[in-house]
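Notes follow the structure.
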Amino acid sequence: MKYIFKFIFLLFIIAKSYAQTQSGEIEVEKNVSLTWMTKVFKDNEHKIEVCKTELGWDFICKVDEKPWFGSDMGMEKPKDQLIKLTLKIDNRDIELEISGMFNVGYLSKYQFSFRKEGQFYKLYAFFSDGAGSYTAHWLIINGSSIREVLSNDERFFYWQMEK
């Protein structure tokens, strides 16, 4: 009986270690989908830099020597990190730039807007875990992409009001 409990406990530990990542697929529209993967943020795998606000308060300003998004200028470390985001258009995979994107949680189609604009496409996204909302915009041309915007500035959220 003792060995059964040890075996069950070992299975629980193994399952928990595999639960460090989440992934999914989102159908954005016909023949357009996103696959994504996040992982639990482990601060011992990252370099965290602390800065001071104009009022003298400490906040985490950089992760791995780059600005990061998903916080409202506090000392709380990220919960998760987006590690993969792939756009599929007509069975063609297009990798999207995801550096600096944290606290995205579980993603849904309501966070994205995909639009054809002339000879290219635009993908707009909104991320928030309750605080620290931000948006990202990608330009898609001939099977490649460039992230044009990664910002928490409200001016870049205009796409949510447009149809």
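What FRET efficiency would be calculated for the residue pair Glu54, Glu148, taking the C-beta separation as r and a Förster radius of 35 Å, to the nearest 0.05?
Rounded to the nearest 0.05, the efficiency is 0.75.
Can you sort Phe112, Phe126 by solvent-accessible area, 1.4 Å probe, largest first?
From most accessible down to least: Phe126, Phe112.
Compute the length gained on full extension between Lys39 and Asp64: take 0.36 nm times their separation in residues and subtract their Cα-Cα distance, giving the result in nm to one decimal.
So the chain would gain 7.4 nm between Lys39 and Asp64.
Run the simple label-point estimate for Ser23 and Lys84 please: 7 Å along Cα→C-beta, distance reported in nm.
Here the modelled spin labels are 0.4 nm apart.
Can you work out the FRET efficiency for the pair Ser128 and Asn91, with r the C-beta to C-beta distance and R0 = 35 Å, to the nearest 0.05?
The calculated FRET efficiency here is 0.70.
If I histogram all Cα-Cα distances within the range 95-163 using bins 5 Å wide from 0, what percent of pairs lands in each bin?
P(r) for the range 95-163, in whole percents per bin: 3, 16, 28, 28, 17, 7, 1, 0.
Do any of Lys47/Lys88; Lys62/Lys116; Lys62/Lys88; Lys42/Lys84; Lys66/Lys109; Lys88/Lys122 go past 25 Å between their Cα atoms, and which?
Among Lys47/Lys88; Lys62/Lys116; Lys62/Lys88; Lys42/Lys84; Lys66/Lys109; Lys88/Lys122, the Cα-Cα distance tops 25 Å for Lys47/Lys88; Lys62/Lys116; Lys62/Lys88; Lys66/Lys109.
Can you tell me the relative contact order of the chain? Whole percent, Cα pairs under 8 Å, sequence separation 6 or more.
Relative CO of the chain lands at 17 percent.
Kindly state, as a whole number, the per residue volume in cubic angstrom of the convex hull around the alpha carbon atoms of the range 40-163.
Here the figure is 126 Å³ per residue.
What size of dipole, in debye to the nearest 20, comes out for the chain about its Cα centre when the only charges are +1 on Lys and Arg C-beta atoms and -1 on Asp and Glu C-beta atoms?
640 debye
If the viscosity is 0.692 mPa s and the temperature 37 °C, what translational diffusion coefficient in µm²/s does Stokes-Einstein give for the range 57-123 when Rh comes from Kirkwood over Cα pairs?
The calculation lands on 231 µm²/s.
Using just the helices of the chain, give the 222 nm mean residue ellipticity in deg cm²/dmol: DSSP H runs with n ≥ 4 each add -39,500 (n - 2.57), and the total is spread over all residues, rounded to 500.
Computed mean residue ellipticity for the chain: -3500 deg cm²/dmol.
The values are calculated or read from the model by the stated rules, or taken from the named source; none is laboratory data. Since this is a predicted model, take the numbers as computed values, not measurements. Using ideal geometry, Cβ is built from the backbone for each residue, glycine included, and neighbour counts are taken over all protein chains shown. Note: areas computed on protein heavy atoms with side chains; ligands, DNA, RNA excluded. Shrake-Rupley method; radii C 1.70, N 1.55, O 1.52, S 1.80 Å.
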